[in-house]
Amino acid sequence: MNQAIKERIEKIKQGEVPEGYKLTESGTIPSSWNSIKLRKLASPIKEKVQNRKLEVLSITAGVGFVNQADKFGKEIAGAQYQNYTVLRKGDFSYNKGNSKTYPQGCIYMLEDRDEAAVPSVFNSFRFKVGIHTYYYKHLFINGFLNRQLYRYINAGVRNDGLLNLYDDDFYDCELPVPPLREQEKIAEILSTWDKAILLMENLIEEKKKQKKWLMQNLLNPDSGVRLPGFEGEWENTCLKDIVSIRKEKVNSQVNTTNYYCIELEHIESNTGRILGYVSSQEQLSTKTKFKRGDILFGKLRPYLRKVAIAPFDGVCSSEIWPFKVNRKISGIYLYYYMQSDKFIAAANIATGTKMPRADWSLLKDYLITFPSVKEQAAISDILSTNDKEINLLEQKLDQLQKQKKALMQLLLTGIVRVTIYPAKGGEKNGKEYTPCCSEF
């Protein structure tokens with residue numbers, strides 16, 4: 001980022017208007033851009049479903065359009081279905097429900113379906129001719145309208161959980177309107193990042209499928225898949241003969257030490273990563289001590305696969321089993337085994353409540369199958385390498401997402417301008433050519 005851009009950003013942060021820019025209702029934007037009310041750029045969609053059979057969609061913040069039945073477990077449209085709005089590819093909907101990601105509600109564009117039905121409580125609209133919808137798709141995802149919506153939204157929420165916002169106020173919000181060619185170029189740049197992000201997400205998904213295949217086959221002697229150089233029978237032993245559950249509590253009456261406490265929420269599903277911990281002396285009488293290297297198994301809703309190897313000595317909540325390995329079985333091998341579909345299925349069966357909760361009295365006699373220590377180490381190395389590859393790809397994905405977010409903040413409001421060249425065979429007449437700064 002060059003010095004001129006840094007100075008421009010600093011001026012805008014301080015409430016100043018840099019040279020070549022103007023202050024509008026939609027913010028500080030380039031002088032060559034317009035700031036126009038949404039009602040002049042788009043038209044509310046009034047078409048109702050009536051007797052047509054269309055897929056019913058809802059909106060999930062941070063995700064976008066999702067099938068209503070998939071989100072809620074069933075379609076909740078009911079008798080109101082006929083009054084749902086017909087949405088077509090390229091149309092937008094604003095969900096007034098607030099969330100942590102979008103406290104003023106979220107707006108998404110329908111992209112992956114030709115048409116669908118959405119609740120009539122959504123503000124659904126269609127841009128007029130001469131607007132590049134993908135530019136505004138990115139603008140809305142970036143939460144551009146939050147500041148204006150915050151001013152219009154009345155305090156509290158309605159009985160239906162939606163924000164108190166009049167439709168007229170929503171359509172009174174102003175949007176920046178760059179020249180069409182510049183809209184197209186900005187959308188093109190951001191779409192390049194979208195493609196890179198999608199590619200990385202697909203790579204991660206393939207790596208996760210590979211890990212699942214490896215676990216299903218390498219941890220199962222009956223699969224017919226065996227690592228080269230290994231042979232011999234595998235041993236079957238009850239879980240209770242391999243591990244024991246630590247039960248030592250902290251004596252809070254004499255304790256003066258802060259303990260690192262891991263709660264169930266601190267263990268990331270499927271990955272074994274510890275996302276955090278609490279350092280506290282409070283309520284320690286309900287916590288159980290564990291040692292570094294123990295296996296921490298989340299017994300509440302085992303299907304979430306909250307399994308981790310303890311990275312330090314500490315204490316954990318009552319919803320976690322701290323397993324101490326008692327026999328000559330690799331702790332990391334057992335860690336992967338406890339993530340396997342077979343073991344998780346057994347843990348889920350061991351419950352007598354509506355909320356799945358593993359029961360030690362039933363699970364203790366579960367037969368663990370394992371090979372020699374050397375083969376355990378070889379299998380564990382392969383699975384650990386796969387985990388490291390997934391982790392590396394996820395870090396790259398995180399960087400791509402951060403880069404895109406930074407680009408959105410700079411490009412969508414014109415803080416950084418893009419270079420527009422004449423259309424092939426076009427003239428510099430202001431319609432087919434837009435002169436801009438060559439900053440990107």
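The values are calculated or read from the model by the stated rules, or taken from the named source; none is laboratory data. Not measured: the values here are computed from a predicted model. As a convention, Cβ positions derive from the backbone with ideal geometry for all residues, glycine included, and neighbour counts pool all protein chains shown. Quick note on the areas: whole protein, heavy atoms, side chains included, nothing else; ligands and nucleic acids left out. Shrake-Rupley method; radii C 1.70, N 1.55, O 1.52, S 1.80 Å.
Between the range 86-153 and the range 277-317, the C-alpha centres lie 42 angstrom from each other.
The packing ranking, built from the mean of other Cβ atoms within 10 Å per residue, places the peptides 220-228, 48-56 in the order 48-56, 220-228, highest first. In the range 142-240, the portion of solvent-accessible area held by carbon and sulfur atoms comes to 50 percent [1.4 Å probe, whole percent, DNA, RNA and ligands not counted]. Using the 1.4 Å probe convention, the accessible area of the chain works out to 54 Å² per residue with neighbouring protein chains retained. Atom-type composition of the exposed protein surface of the range 12-66 places 47 percent of the accessible area on carbon and sulfur (1.4 angstrom probe). Here the accessible area of the range 264-321 is 43 percent carbon and sulfur, with a 1.4 angstrom probe and all protein chains present. Ligands, DNA and RNA excluded, the heavy atoms of Tyr135 present near 0 Å² of accessible surface to a 1.4 Å solvent probe. When the chain is treated as a Gaussian network with alpha carbon springs shorter than 10 Å, the biggest mean-square fluctuation among Ser380, Ser124, Ser361 belongs to Ser361. Taken about its Cα centre, the chain carries a charge dipole of roughly 380 debye when the Cβ of each Lys and Arg holds +1 and the Cβ of each Asp and Glu holds -1. Ordered from highest to lowest accessible area with the whole protein assembly present and a 1.4 Å probe, Val86, Val129, Val373 read as Val129, Val373, Val86.
With a cut-off of at most 16 other beta carbons within 10 Å, and DSSP calling the residue loop, which trypsin sites (Lys or Arg not before Pro) in the range 78-110 qualify? Please list them.
Working: sites: Arg88, Lys89, Lys96, Lys100; in loops: Lys89, Lys96, Lys100.
For trypsin sites (Lys or Arg not before Pro) across the range 78-110 that sit outside H, G, I, E and B with at most 16 neighbouring Cβ atoms in 10 Å, the list reads Lys89, Lys100.
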